[in-house]
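Below you'll find the structure, written out as structure tokens, and then a few comments.
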Amino acid sequence: MAVNNQTIAQLFETLSTLLEMKGDSVFKVRAYQRAARTIGHLSFPLAQAVEDGADLKKIPGIGRAISDKILELFETGRVSTYDRLVEELPDGVLTLMDIPGIGPKTAMLITQELGVSTVEGVEQAAGDGRMAALPRMGEKAAENILRHVQSLRTKDRRTPIGEALPLAEEIIGRLRQQCPDITLLFPAGSLRRWEETIGDIDLVGTSAQPEHAADALASLELVQEVVVRGPKKTSVVVEPGIQVDLRLGDGNSLGAMLQYFTGSQQHNIRLRDFAKRQGLSLNEYGITDLATGAMEVFPDEAGFYARLGLPCIPPELRVGMWELEAAQERRLPSLVEEAHLRGDLHLHSDWSDGRDPIETMVAAAAAQGYDYMALTDHSSGRGIANGLS
């Protein structure tokens, strides 16, 4: 059965959620959460360990009960404990967990007290006051949940780069101003790939005091809501309704982190497959040798790609199509840069509606290093003031 580490980690994460909903022991819940984290960060495929007959209990964080469930999953394709818990809980309760702001206990409260098990039902209950009346809820919590539901409906809407880029630059500028200990800070994700539209704004960098940077981002006046706050990752929703994710790490592993969070998803999937064929495993911290378990870290992306035997692939080309083959064959295209611009073919002087005399414009073009410029002053036929004959 083809099951990867991330699938198994997600299964145990969900199991911990189901146990929390049932009110099970906090120690058992944490044990499943710890197992999920351990499995998600393993440097080798768990499937291979099972196939080799390895003793899974030797892996830190995996005891007998969890080991038995992993073996059951590979033998039968199911985990009976999971199936039983899902059967015992109200229908649709897991669906509510997809709504930000609704945790396991809140999901159970909503389904049991209101009989609501759909996103539409949550929206209605949050809007008509029933949710605010629930124990430990209140109007503010209900308003937040309602806003999250409405955001889910528009999450596929993307922001033009012309709006997202100035916003990202403003946030970076404010963070640098408030936190001098931020040494490096870059846009990542679709913004760094210069996609036409942006989903979330991803910022990646390094800081000697990451907690200060997290607090600074959370306290910006344009922040509407703090989703997650921590030393490694802080997520906020800013005024236009865009989520901003700030990730800060160690300067020695910045190259791996920047590569990982620049994407695209398909590029990273293909790169992981490429690395696996070399006996290597990739993540946001570095590159691990699957045979020895040793991890290498990289302060820059050039070193990261070089370890895989590739030239550094520019972010704009990381689309998950042909760029890996082009990199292997050393035929990556050169991107157009500002230095390649040799002239300007659309200029207005003060002969028509421009601002400066021709002599000033010629001097400015020469100072820019241009080879040519074309004057395109308006004619009188356009009906524009000062049109030329």
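Those residues that are part of a helix (DSSP H, G or I), buried (at least 17 other Cβ atoms within 10 Å of the Cβ) and not aliphatic (A, V, I, L, M), I need them from segment 107-136; list them, please.
Hits for segment 107-136 are Thr111, Gly121, Glu123.
Please go through segment 204-243 and pick out each residue that is open to solvent by 70 Å² or more (accessible area, probe 1.4 Å), of a type in the set (S, T, N, Q) and either touching a Phe, Trp or Tyr at 6+ places or on another chain (Cβ under 9 Å) or under 19 Å from Met257 (Cα atoms) (or both).
Correct list: Gln209 only.
Give the residues of segment 38-96 that are under 13 Å from Leu15 (Cα atoms), assigned to a loop (DSSP other than H, G, I, E, B) and open to solvent by 40 Å² or more (accessible area, probe 1.4 Å), sorted by residue number.
Hit for segment 38-96 is Arg78, nothing else.
So in segment 343-389, with the set limited to residues that are among the acidic types (Asp, Glu) and in contact with a Gly (Cβ under 8 Å, 6 or more places away or on another chain), which one is least open to solvent (accessible area, probe 1.4 Å)?
Selected residue: Asp377.
Inspect all residues belonging to segment 48-69 and state whether any of them is among the aliphatic types (A, V, I, L, M), closer than 30 Å to Lys140 by Cβ and touching a residue at least 12 places away in the same chain (Cβ under 8 Å).
no
Need a quick list: helices (runs of 4 or more DSSP H) entirely within segment 145-250 having at least 1 residues that are free of Cβ contacts under 8 Å to residues at least 12 places away in the same chain and among the small types (Gly, Ala, Ser).
Filter on segment 145-250 gives 161-178, 210-219.
Just one of the numbered conditions (1) aliphatic (A, V, I, L, M); (2) under 30 Å from Thr288 (Cβ atoms); (3) open to solvent by 50 Å² or more (accessible area, probe 1.4 Å) is not true of Ala339; which one?
All conditions pass for Ala339, except number (2).
Only residues in segment 94-105 that are of a type in the set (Val, Ile, Thr) count as the first member; pair them with residues that are open to solvent by 30 Å² or more (accessible area, probe 1.4 Å) and part of a helix (DSSP H, G or I), Cβ under 8 angstrom, at least 6 apart or cross-chain, and list the lot.
Final answer for the pair search is Thr95/Val119; Ile99/Val119; Ile99/Leu152.
If only one of Glu88, Glu72 is touching a Lys or Arg at 6+ places or on another chain (Cβ under 9 Å), in contact (Cβ under 8 Å) with a residue 24 or more places away in the chain and not basic (Lys, Arg), which one is it?
On inspection, the qualifying residue turns out to be Glu88.
Mind checking whether some residue in segment 255-273 is assigned to a loop (DSSP other than H, G, I, E, B) and more than 18 Å from the chain's Cα centre (by Cα)?
no
Find all pairs meeting these conditions: Cβ atoms under 9 angstrom apart; at least six residues apart or on different chains; first residue within segment 355-376 and at negative phi; second residue outside any loop (DSSP other than H, G, I, E, B) and hydroxyl-bearing (Ser, Thr, Tyr).
Partner pairs satisfying both residue conditions: Ala365/Tyr372.
Inside segment 287-296, can you point out the residues that are in contact with a Phe, Trp or Tyr (Cβ under 8 Å, 6 or more places away or on another chain) and more than 13 Å from Ala306 (Cβ to Cβ)?
Once the filter is applied, which keeps residues that are in contact with a Phe, Trp or Tyr (Cβ under 8 Å, 6 or more places away or on another chain) and more than 13 Å from Ala306 (Cβ to Cβ), segment 287-296 yields Leu290, Gly293, Met295.
Can you work out which of the residues in segment 137-166 that are touching an Asp or Glu at 6+ places or on another chain (Cβ under 8 Å) and at pLDDT 85 or above is surrounded by the most Cβ atoms within 10 Å (Cβ to Cβ)?
Once the filter is applied, the top-ranked residue is Ile161.
Restricted to segment 1-37, and to residues that are of a type in the set (Val, Ile, Thr) and under 16 Å from Glu72 (Cβ atoms), which residue is most open to solvent (accessible area, probe 1.4 Å)?
Thr7
Can we say Arg331 is exposed (fewer than 14 other Cβ atoms within 10 Å of the Cβ), closer than 30 Å to Thr262 by Cβ and at pLDDT below 95?
Taking the combined requirement at face value, the residue satisfies it.
Residue by residue through segment 284-300, note down the ones that are touching a residue at least 24 places away in the same chain (Cβ under 8 Å) and of a type in the set (S, T, N, Q).
Result: Thr288, single match.
I'm told Glu301 meets every condition in (1) of a type in the set (D, E, K, R); (2) under 23 Å from Ser207 (Cβ atoms); (3) out of contact with any helix residue (DSSP H, G or I) (no Cβ under 6 Å at 6 or more places or on another chain) except one. Can you identify the failing condition by its number?
(3)
Which residue pairs have Cβ atoms closer than 6 Å, lie 6 or more positions apart in sequence or on different chains, and pair a first residue in segment 3-30 that is free of Cβ contacts under 8 Å to residues at least 24 places away in the same chain with a second residue that is open to solvent by less than 60 Å² (accessible area, probe 1.4 Å) and hydroxyl-bearing (Ser, Thr, Tyr)?
Ser16/Tyr32; Val29/Ser16
Would you mention how many residues in segment 275-326 are of a type in the set (A, V, I, L, M), exposed (fewer than 14 other Cβ atoms within 10 Å of the Cβ) and touching a strand residue (DSSP E or B) at 6+ places or on another chain (Cβ under 8 Å)?
Going through segment 275-326 one residue at a time, the tally reaches 1.
The values are calculated or read from the model by the stated rules, or taken from the named source; none is laboratory data. This one's a predicted model, so the numbers in the text were calculated from it and none came from an experiment. Glycine also receives a Cβ, built like all others from the backbone with ideal geometry; neighbour counts cover every protein chain displayed. Each accessible area value is taken on the protein alone, full model and side chains, heavy atoms only, with ligands, DNA and RNA left out. Shrake-Rupley method; radii C 1.70, N 1.55, O 1.52, S 1.80 Å.
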